[in-house]
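Some notes on the structure that comes next.
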Amino acid sequence: MTGGGTTSAGIVVLIGGRAQREFSLLHDLGYRILYLDRRVPFSCMTWADLPFDVDVDDWDAVFELVKNQLGGQPPAAVLTHVEPRIPLMAHLAELLLDAPRGLSVETAWNCHDKWLTRNRLREHGVPVPGFGLAANAEDAAQIAAEIGLPVVVKPRDEAGAFGVRRCLTVKEVREAATVILSESGSGTRTGVLVEEYIDGPEYAVQTLTRQGRTQVLSILRQHMTDPPVFVELGYEHPSGLDQSGELSLREITVAALQALGVTDWISHTQVRHGPDGFRVVEVNARRPGGRLVEMTEAISGIDMTRAASQLALGLPVTSGRPKATYALYSSIVFEQPGAVTYRTGIDVAPFSGVLPPIVELEIAPGEPVQAAAHPEGGVYGRIVVFGDSAAETRDGVRGIREALDLQVTELEDLTWEVADSREYKSCC
């Protein structure tokens, strides 16, 4: 069943995003795309049927634009894969669709607003770190003292590890809170979240929930840079958990989604395992970033980008056959700033396992890069290798890195372009 045609019933309202596949999937399903963003990227102008610049923080203006473009008729769906626009997606769906699908506005905010997330989970007995909400730097310092150092300081409703910092002292807490409160990101709810630092391994859990029943698609062991900042270095499957640990993680994740009200949507949940067991750190009602979608599809047979599109449209979710029992994901980051060089056009065939590897660099040779911990640094690409053993995937990643021969040359005057075309500075 597809939409097709030029009526509003054949149009999907898509909010934000830079990945071509988000557009091509909808076109393949037979729909046209009314695309909205604050400033539509040139590439998206060529992929969308009806692209519009609009202040996506002005929900009334967005609603009026869509209503006028569709002649007051309901679209086929409202969809976004972009974390900050999920509440807007749910809001428009409730106003525009005859029968809203996907996330309710309440559920969208339950997932997006970290303060609401933690309160909701705690009310339902789901384990979370100790936490508090600060209105200013002094409040943050007081909360940190009550929780006990070290703590993690983060924005209330940002995404992609923006502004997240581990603090060892009260002075660091004040400084981190001041930076967050002074910077104007995409967050819309004020306040700084101060939470207990859980010292232990982290796991990324990808799920698909249909009619209230959750299917765990992948559990990935997540590797990060050393604090104080958090940048994803990579992921591995299997996760390394024993059967009991994995069962416990699955149960906690399902309980978290039920508590937040997720009934028909995809999710990417991050959980840490500390001395007192698992603690839910983030619940993101969206697909994961980087190439974790491809990694999860290889493991589970479910394409989370396609699944979100189908759920938004009220279509059955299609699935394929799992193809990989082992997968290793390695982010491309740099320890120092400078100009990057690497070999292009390398032959990846020798490193193909059960599937061809993914090798993606989002910077060209000669372009400037920043260190991973720099605000304009982070992840510049990724390598994903699939195989039948952990040794095969490790050898594949190592071989690809050697073939690329990534080098950074120090520059006396590093000119940094503020306009960054990377889809993700942080993988998830």
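Structure summary
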{"read-out": "Model label zone, Met224; criterion: amide N under 14 Å from point 7 Å along Cα-to-beta-carbon; scope the range 252-269", "value": "269"}
{"read-out": "Taking Cys44, Cys167 and counting other C-beta atoms within 10 Å, the order from fewest to most", "value": "Cys44, Cys167"}
{"read-out": "Calculated [θ] (222 nm, deg cm²/dmol) that DSSP helices of n ≥ 4 give over the chain, each run adding -39,500 (n - 2.57)", "value": "-9000 deg cm²/dmol"}
{"read-out": "Fraction of beta bridges assigned by DSSP in the chain that are antiparallel (%, nearest 5)", "value": "85 percent"}
{"read-out": "Arg122-Asp199 pseudo-label distance in nm [points 7 Å out on the Cα-to-Cβ vector]", "value": "2.3 nm"}
{"read-out": "Ranked by how many other beta carbons lie within 10 Å on average, peptides 224-233, 28-37 from highest", "value": "28-37, 224-233"}
{"read-out": "Viscosity 0.692 mPa s, temperature 37 °C, Stokes-Einstein D of the range 264-414 from Kirkwood C-alpha radius, µm²/s", "value": "187 µm²/s"}
{"read-out": "Separation of the Leu168 and Glu367 label points, Cα + 7 Å toward Cβ, nm", "value": "3.5 nm"}
{"read-out": "Stokes-Einstein D for the range 130-196, Kirkwood Rh over Cα pairs, 37 °C, 0.692 mPa s (µm²/s)", "value": "292 µm²/s"}
{"read-out": "Rough spin-label spacing in nm, given labels placed 7 Å along Cα→Cβ, for Phe42 and Asp58", "value": "2.7 nm"}
{"read-out": "Debye intensity ratio in log₁₀ form over the Cα atoms of the range 164-316, taken at each q of 0.10, 0.21 Å⁻¹", "value": "-0.41, -1.38"}
{"read-out": "Convex hull volume of the range 235-295 per residue (C-alpha atoms, cubic angstrom)", "value": "103 Å³"}
{"read-out": "Theoretical FRET efficiency, 1/(1+(r/R0)^6), r = Cβ-Cβ of Ile346 and Ala99, R0 60 Å, to 0.05", "value": "0.75"}
{"read-out": "Computed P(r) (all Cα pairs; the range 70-191; 5 Å bins; percent)", "value": "2, 11, 18, 18, 17, 13, 9, 6, 4, 3, 1, 0"}
{"read-out": "Projected-area average for the chain over all orientations - Cα convex hull basis, square nanometres", "value": "20.6 nm²"}
{"read-out": "P(r) weight above 18 Å for the range 8-100, C-alpha pairs, percent", "value": "36 percent"}
{"read-out": "Neighbour net charge for Val408 - beta-carbon separation under 12 angstrom, K R +1, D E -1", "value": "-4"}
{"read-out": "Cα centroid separation, the range 338-399 to the range 169-243 (Å)", "value": "23 Å"}
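The numbers here are math on the coordinates, done by the rules we state, and not lab data. As the structure is a prediction and not an experimental result, all values here were calculated from the model. Cβ sites come from the backbone with ideal geometry, for glycine too, and all protein chains shown count toward neighbours.
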